[in-house]
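Input: a single structure, listed below in structure tokens.
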Amino acid sequence: MDEDRIWQVVEHERRSLADLLESLSPAQWDAPTMCDGWRVRDVAAHLTIAPRLTVPQMVLGIVRARGDFNRFVREDGARRGARAPEVLVAELRSLASSRRHPRPTKPIDPMVDMLVHGQDIALAVGLDRSMPTDAAVAGAQHVWESSFPFGAQKRLDGHRLLASNAPWSAGEGELVEAPIERLLLLLTGRLTPQEAWQLGQA
């Protein structure tokens, strides 16, 4: 997947998610997501981190979080997620076309963030959200090959993942066949192999 296509997906996902967020009720903004301890509003705020975060800001944030990157990200999302929904939507829209991303991440990292967190939000409020197949395949391969932050290969050792709607597979062992978008949620820790397989049979 070339870089221009990656950024096209990122921009589309940001704009379409802003539209979805704009339609939510106050109760839905506070709904819990599959990210433990994260509300919809926290996830929405987090999705603006890639284009706005500088290296000095990231280093300072991690220092304040006592060296824990995940804690830094969680606290940043919760702090900025406390703002009004219209502010969060406007910020996401204003950054939609940005191609900035913090070092040492790659352009595909914010794309995976948008795909997965978009599902986090949609599923939390009971809505369907489509995922571009080519982007889901590229995202799944990237997550599978990356040890941080999901550790997918280690966590899913002993399983063979097979996409039922795209040319993608990985691993060896017990078969888990499901749509590529559900496998991406499995790879990023949102679903168990059994849950992904069950969704693949639905």
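Annotations for the structure displayed:
- Those residues of region 131-188 which are at positive phi and either modelled with pLDDT under 95 or of a type in the set (Ser, Thr, Tyr) (or both), in sequence order: Gly151
- Given (1) closer than 24 Å to Asp42 by Cα; (2) not assigned by TED's automatic domain parsing to the domain that holds His12, number of the condition Ala138 does not satisfy: (1)
- Here His101 meets the list (1) within 26 Å of Ile180 (Cβ to Cβ); (2) in contact with a His (Cβ under 9 Å, 6 or more places away or on another chain); (3) at pLDDT below 90 almost entirely, failing just condition (2).
- For Leu88, the requirement of being out of contact with any Asp or Glu (no Cβ under 9 Å at 6 or more places or on another chain), at pLDDT 95 or above, not acidic (Asp, Glu) and not in a helix (DSSP H, G or I) is not met.
- Taking the criterion of being outside any helix (DSSP H, G or I) and touching a helix residue (DSSP H, G or I) at 6+ places or on another chain (Cβ under 6 Å), the only residue of region 56-83 that qualifies is Ala65.
- Among the residues listed as Arg155, Arg160, the single one being basic (Lys, Arg), more than 19 Å from Met34 (Cα to Cα) and out of contact with any helix residue (DSSP H, G or I) (no Cβ under 7 Å at 6 or more places or on another chain): Arg160
- Test: residue in region 178-192 that is crowded, with 17+ Cβ neighbours inside 10 Å, outside the structural domain of Asp109 (by TED's automatic domain parsing), more than 26 Å from Asp36 (Cβ to Cβ) and in contact with a helix residue (DSSP H, G or I) (Cβ under 7 Å, 6 or more places away or on another chain): no
- Check on Gly139, under 25 Å from Trp38 (Cα atoms), surrounded by fewer than 22 Cβ atoms within 10 Å (Cβ to Cβ) and under 16 Å from the mean Cα position of the chain (by Cα): no
- Within the set Ala196, Ala178, Ala163, the sole residue that is under 24 Å from Lys106 (Cβ atoms) and aliphatic (A, V, I, L, M) turns out to be Ala163.
- Candidate set from region 16-37 (those that are assigned to a helix (DSSP H, G or I) and under 15 Å from the mean Cα position of the chain (by Cα)); member that is surrounded by the most Cβ atoms within 10 Å (Cβ to Cβ): Leu17
The values are calculated or read from the model by the stated rules, or taken from the named source; none is laboratory data. If you're wondering where the values come from, they're calculated on a predicted model, not measured in any experiment. Neighbour counts run over all protein chains shown; Cβ positions are idealised from the backbone, glycine included.
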